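One structure below.
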Amino acid sequence: MIQEQLELLRSEIPDNVTLIAVSKTKPLSDLQAAYDAGQRHFGENKVQEMVEKAAQLPKDIHWHLIGHLQSNKVKYMAGFVHLIHGVDSLKLLQEIDKQAQKAGRIQDVLLQFHIAQEETKFGLELQEANKILESEVFKQLKCIRICGVMGMASFTSDVQQIANEFQGLKKIFETLKAQYFPDATCFKEISMGMSGDYPIAIQNGSTMVRVGSKIFGGR
Ligand SMILES: *Cc1c(COP(=O)(O)O)cnc(C)c1O
């Protein structure tokens, strides 16, 4: 089942888009099945759960922390996390930088933007991101590499609205790229699209889709 779903997704998703298998709440056996089917990028939304799973699974897995992140949790994953998607404050960037330095790593992160109409979703507005990126504090950070942006569309059946929100994130990406990262080849990722909307996300420029229930079943 997991293998078939992965094969189906791979046949739909272009080569230049990374498929992240979102395995939150799922048992190790499910992750192992996905691994055995060739999957190497996994996403979790809780640090502790990711740390526990990472300890018990093969070491060539790329772990993505996709959920909202609290500063006091960063230290537990600083030694191994591949990409942190949900960064939405300078304070968090400072803590990630500090822990990455301790671990002797450069930490790749994405800035999360608020693109949905719903109030509840986390994320920055463009002006807030500008303020962070122009701050002296940010410029002093040595162990952070900003690789792009992340966002979640509204939970709605209105396909046009979802497309508009994803287009908005693409535009934010392009604005930031032009203004702050024109020569940074690592600034290239747009993490958008989940089980319910990944085809729309891909049509609108996604480079990373975070798919859970479509691979592993409902939670
Ligand atoms: C749970 C989650 C996903 C995956 O959701 P599905 O609808 O199961 O594909 C993607 N992104 C984030 C941030 C999540 O928390």
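Of note:
- Selection status of Leu126, under 27 Å from Tyr76 (Cβ atoms), of a type outside the set (Ser, Thr, Tyr) and in contact with a helix residue (DSSP H, G or I) (Cβ under 7 Å, 6 or more places away or on another chain): no
- In segment 52-87, the residues that are over 18 Å from the mean Cα position of the chain (by Cα) and among the aliphatic types (A, V, I, L, M): Ala55, Leu57
- Residues being assigned to a helix (DSSP H, G or I), surrounded by 14 or more Cβ atoms within 10 Å (Cβ to Cβ) and among the acidic types (Asp, Glu) - total across segment 19-46: 1
- Residue within segment 11-18 that is within 23 Å of Tyr198 (Cβ to Cβ), touching a residue at least 24 places away in the same chain (Cβ under 8 Å), over 16 Å from the mean Cα position of the chain (by Cα) and crowded, with 16+ Cβ neighbours inside 10 Å present: yes
- Taken together, Glu49, Glu118 contain a single residue that is within 16 Å of the ligand (Cβ to nearest atom), part of a loop (DSSP other than H, G, I, E, B) and of a type in the set (D, E, K, R), which is Glu118.
- Whether a residue is of a type outside the set (Phe, Trp, Tyr), open to solvent by 80 Å² or more (accessible area, probe 1.4 Å) and either free of Cβ contacts under 8 Å to residues at least 24 places away in the same chain or part of a helix (DSSP H, G or I) (or both) was assessed, and Glu128 passes this test.
- Single residue of segment 174-219 satisfying the filter (more than 9 Å from the ligand (Cβ to nearest atom) and charged (D, E, K, R)) that is surrounded by the fewest Cβ atoms within 10 Å (Cβ to Cβ): Asp183
- Those residues of segment 155-178 which are under 25 Å from Leu133 (Cα atoms) and touching a residue at least 12 places away in the same chain (Cβ under 8 Å), in sequence order: Glu165, Phe166, Gln167, Gly168, Leu169, Lys170, Ile172, Phe173, Thr175, Leu176
- Count of residues meeting criterion [hydrophobic (A, V, I, L, M, F, W, C) and surrounded by fewer than 17 Cβ atoms within 10 Å (Cβ to Cβ)] in segment 149-173: 3
The values are calculated or read from the model by the stated rules, or taken from the named source; none is laboratory data. Given the structure is predicted, the values throughout are model-derived calculations rather than measurements. Neighbour counts run over all protein chains shown; Cβ positions are idealised from the backbone, glycine included. The protein model used for the area step is the full one, side chains on, heavy atoms only, and it has no ligands, DNA or RNA in it. Shrake-Rupley method; radii C 1.70, N 1.55, O 1.52, S 1.80 Å.
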